[in-house]
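What follows is a set of notes on a single structure, which appears directly below.
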Amino acid sequence: MTSPFEHPWLSGLFGDAEAAEIWGPTRQMTHMISFERAYTQGLCKIGTISEDIAKEVARTFDDFQPDMEALRSATARDGVVVPELVRQIRGSAGSHGEAIHSGATSQDVIDTALVLTLKDYSNLLERRLLELTEAIDALSARFENQRIMGRTRMQAAMPIAARERFLTWSLPLDDHRQRLSQIRPRIERLQLGGAAGDRAALPHAESLGVEVALRVGLANPPKAWHAMRDPVVDYAGLLSLISGTLGKMGQDICLMAQQGVDEITLDNAGGSSAMPHKQNPVLAELLVTLARFNATQVSAMHQGLVHEQERSGAAWALEWMVLPQMAQATARSLAASIAICQAISHVGSKDIR
């Protein structure tokens, strides 16, 4: 069974086209080639290769089309895509091929592509967090004085204004936006360490790092972070926090929409094949599902902190399996939450004045 995020019909519920494009193979390949282009330009800038060679190689990058089937087969053998990718690019460059990737390592390429992906994805997160905050604020403006039953431990406590519950949905979003702004500088950093992560194999390593970082639009850290994955894991934790907040919102809406409670009405609710009278809060349920999914996945990301010495193949590859799915789950949660806010047509308890 394929991933629900790309499944032929389950993707209608779980999928998010914008996030899928950001995390898709085409964008990832573009970022890897961007690294190789910037690396070659950096080698030219520090005088390792001539400007004429750099110009010839640049034309190779402009016209390069990877053989995806060959990349797939080679990854099964090598464990990473980069050796075959570099072989193909060098083949396209002819006599100047050896200027490409000289001194860099596969992890430099793949990790830089990852953080370029995260940079694009963070822009999406920031925009959607703001959109959702505005959508909940609009709900509050419409229904803030409506009375609903405040419940503690799922038992009726005393009536409250609807805005009080809305605030429990919206206030954490401001915190998440602040967390995102704080983590981005720790994430959006060039990976450049060479064979053993110490940059010893790189010509004029410090100057080269500056040049490559400038060209890909990332910070240049003082040391490669091949085996120091805490910023990536921290980012995954933020994704789980966001989807968890939205899961709480979804759970509240499911309970408020229960027949007999009827504190909220959702337009375009889901139907039932057996009971035509039912209106299922499908998107609200989805928020709960995605929150629980990310809560389980974040523990796998913590396993990815355990790298052996200067590089781990096993821990590193675990990120490739888990982080993209967490990101797509979070993006879908935000989109679904915005849609729910737009679908709410009534809030308030009939028996409370």
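Remarks
- Checking each residue in the stretch 258-269 for being under 31 Å from the mean Cα position of the chain (by Cα) and hydrophobic (A, V, I, L, M, F, W, C) picks out 266, 269.
- Scanning the stretch 187-199 for residues that are open to solvent by 50 Å² or more (accessible area, probe 1.4 Å) and outside any loop (DSSP other than H, G, I, E, B) yields a total of 1.
- Restricting attention to the stretch 210-243, the residues being open to solvent by 30 Å² or more (accessible area, probe 1.4 Å) and within 17 Å of residue 287 (Cα to Cα) number 1.
A quick yes/no check of all residues on (1) at pLDDT 95 or above; (2) charged (D, E, K, R); (3) surrounded by fewer than 16 Cβ atoms within 10 Å (Cβ to Cβ):
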position	(1), (2), (3)
113	yes, no, no
123	yes, no, yes
132	yes, no, no
140	no, no, no
168	yes, no, yes
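- Members of the stretch 10-34 found to be in a loop (DSSP other than H, G, I, E, B) and of a type outside the set (A, V, I, L, M, F, W, C), listed by number: 15, 16, 24
Yes or no, residue by residue, for (1) assigned to a helix (DSSP H, G or I); (2) within 26 Å of residue 217 (Cβ to Cβ); (3) under 24 Å from the mean Cα position of the chain (by Cα):
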{"site": "36", "(1), (2), (3)": "yes, yes, yes"}
{"site": "42", "(1), (2), (3)": "yes, yes, no"}
{"site": "52", "(1), (2), (3)": "yes, no, no"}
{"site": "59", "(1), (2), (3)": "yes, yes, no"}
{"site": "66", "(1), (2), (3)": "no, yes, no"}
{"site": "74", "(1), (2), (3)": "yes, no, no"}
{"site": "91", "(1), (2), (3)": "yes, no, no"}
{"site": "95", "(1), (2), (3)": "yes, no, no"}
{"site": "98", "(1), (2), (3)": "yes, no, no"}
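- When residues of the stretch 135-160 are limited to those that are within 37 Å of the chain's Cα centre (by Cα) and among the charged types (D, E, K, R), the one nearest to residue 339 (Cα to Cα): 137
- Scope the stretch 152-166; condition among the β-branched types (Val, Ile, Thr) and surrounded by 12 or more Cβ atoms within 10 Å (Cβ to Cβ); matching residues: 160
- Hits in the stretch 209-227 (condition: over 23 Å from the mean Cα position of the chain (by Cα) and among the small types (Gly, Ala, Ser)): 209
- Selected residue (only one of 255, 202, 214 is assigned to a helix (DSSP H, G or I) and at pLDDT below 95): 255
- Count of the stretch 267-325 residues which are at pLDDT below 90 and crowded, with 19+ Cβ neighbours inside 10 Å: 1
The values are calculated or read from the model by the stated rules, or taken from the named source; none is laboratory data. Bear in mind that the values here come from a model prediction, so they are computed numbers and not experimental data. Cβ coordinates were reconstructed from backbone atoms using ideal geometry, including for glycine residues, and neighbour counts include every protein chain displayed. SASA here: full protein model, heavy atoms, side chains in, ligands and nucleic acids out. Shrake-Rupley method; radii C 1.70, N 1.55, O 1.52, S 1.80 Å.
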